Every structure is written in structure tokens, then in C-alpha cells.
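These notes are about the structure you will find just below.
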Amino acid sequence: MNKILAEILEMPDRAQAVLQAKIPKLPWQVPYLGMGSSYFAPLAFKYMGIDISPEMASEYFHYLSLQKQKPCGVILSQSGKSSEVLWCRSLFQKYYAISNYPEHPLSTAPNVVEVIDIRAGEEWYSSSKTYLNTLLVLFKGFGFDPSPAVDLLTQKMDTYGAQGKQLATEVFQLLNTQKIHGIYITGSGPNIATALEAALILSESTKLNFHGLPMAQYDHGPKETAQNSIVIQIIAPGKSRERTIQLGETIAAAGAHVFSVEEPEIAEHFSILSNIIPFNFMAYYLAEQLGIEETFAVGGKITEVS
């Protein structure tokens, strides 16, 4: 089996490892710092109404911290070695470290008050297991029970795989038959994080420019690029559902190729666990159809800068 596909198929088992683990209560009203997927995951909870401050570690360090130390924070990193998160360790009197590698520098600083292992296992490609497990750690740390959502995800992996493969095939056909000038993924509320994560993994896997953004922000201007574009809408049973559907109809009439991802069997908060899975499969199948063999060709999975 292809190693990338194997990592995706391992997601339900790795999710169960978090469900069975004891996760400490996580603090509110503090910064949650990460990069890439580790920034997107806490962002989802901000849009659930959890009183936290998700920030990109790089921008927090250079522009927001003013190099002043705060009492407490939470720092997230799959590798526990990304430069930007390591810069931020000294900005807190104490911090919680959330990582896949408790032995790495993020988790071993003297001011770490709690180390939380996301238990994603080895991951060499796009952050499929890591992203899902980080979401689960946050759900549990904020007092939610995500078990029913994980059960549903486990039951429907084949469905999500087929959906991702179909999306990949249809997008591939459009790319080969038309001049497509933009590919967008939109979401609302907590699924803004899903849109950003989906665009990240699709971009790095396919070497195409996928643009993830809030649905409402797309409605404020980028919709003017609708003709000959591809828009994948993430739909959830929440306050923005009807607006999303209406916007899809509007841009389709203007010449956009509109697709959707939706898990109707689950509440909006928990839909972030299921809605990302078709995009993981889509990234794999579309990269395969495009003949892309290397996920990280320009840089490594871990970003280390001086």
C-alpha cells in the first residue's frame, strides 16, 4: 500500500488512542501558538466560542508579544522542533506543550507545566493524523466528549475515501480541459479551520495553489473571480448553512465549478473531525493523477529557520 494512503487510513486508530488517554484541562484566556495545522486547530475552537487567542507563533513572537513574558500559554507543534514555536518558549512563565514528540525541545523546557502527547504516531507526509488528533486533544481539554464523532468517522472512512477520490477526479478533469484560474475552499465558523487545513494539505501535495478562506470573506470580493474557477464549499448544519448554499448557486450561475463537502449526521462543532477527511483522500488521489511523487520538494516537513 502507498505510504501516504496508509497514513490516512490509520487516522481512526490514532484517534482512538487520544480518546483512551487522559487529557488535562486546558486553560482559557491565554494565547494558543502554532504554525500551519497547529495554528488552524485551535482556531476552530475560537469560532466555537471558546475564549482562547490562537495566533501564528511567528507573528506572535515578532509583532504581538513585545518580548514581554505572560503568565501562561499553550504552544502546539507536531514535531516539537519548528523554529517559530521554540522562539516562543521564553515568552511564558509556564506553558502547556502539545506535540507528537514529547522528547523534543518544545516539551522539555524547564517552564513546561504540562506535556500533552497527541499520539499520532510517525507521520512523514501531510498532517492528516496530527491535525485530527490535535483537534481531539483540544476537544477533550476543553471538556467536550468527541467519542460519537470519532465513531461516525470510523464507520464512514470508506465513504469519505470515495468522496475524496471523486473530488480529485472531477477537479483533475477540469484542470485538463479548461483554463482554471483559481481554486478555493470555503468554510464558516469552526470549519474555517477545515478550509485552511484542506488548502494547506492540497497545496503541498499537488503543487497547485488552493486558497482556503472563510465563506463570508469569499463573498466579500473573491466571488468576482467565479468564472472558470473551482470552489469547494464546506457545509455544516449551522448559522451559515443557507448563506453558503445560496452563494454556491450564485457563483455557479456566474461560471464557477462548485463542489461541496458535508457531513449531515453530526453537529457543526464536531463536523470539523469528519469534514477534513475527504480532503485528505482528495490530496492523495489528485497528487497521484497529477504524477506528483514528492510531498515536500521545496522544504522539509519541519520548518527550521535561523
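Where a number appears in this text, it was derived from the coordinates with a stated rule and is not lab data. Treat the numbers as computed from the prediction; the structure is a model and nothing was measured. Neighbour counts run over all protein chains shown; Cβ positions are idealised from the backbone, glycine included.
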#### Entry: Residue among N133, N209, N176 that is out of contact with any Phe, Trp or Tyr (no Cβ under 8 Å at 6 or more places or on another chain), among the polar types (S, T, N, Q) and crowded, with 24+ Cβ neighbours inside 10 Å
N133
### Of residues in segment 93-126 being hydrophobic (A, V, I, L, M, F, W, C) and in contact (Cβ under 8 Å) with a residue 60 or more places away in the chain, the one nearest to A287 (Cα to Cα)
W124
### Query
Do we find that E103 is in contact with a Ser or Thr (Cβ under 8 Å, 6 or more places away or on another chain), of a type in the set (D, E) and surrounded by fewer than 24 Cβ atoms within 10 Å (Cβ to Cβ) in this structure?
no
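Only residues that are in a helix (DSSP H, G or I) and surrounded by 23 or more Cβ atoms within 10 Å (Cβ to Cβ): list them for segment 27-47, please. Reasoning before the result, please.
The initial filter retains those residues of segment 27-47 that are in a helix (DSSP H, G or I), namely 37-46.
Within segment 27-47, S37, S38, Y39, F40, A41, P42, A44, F45 meet the criteria.
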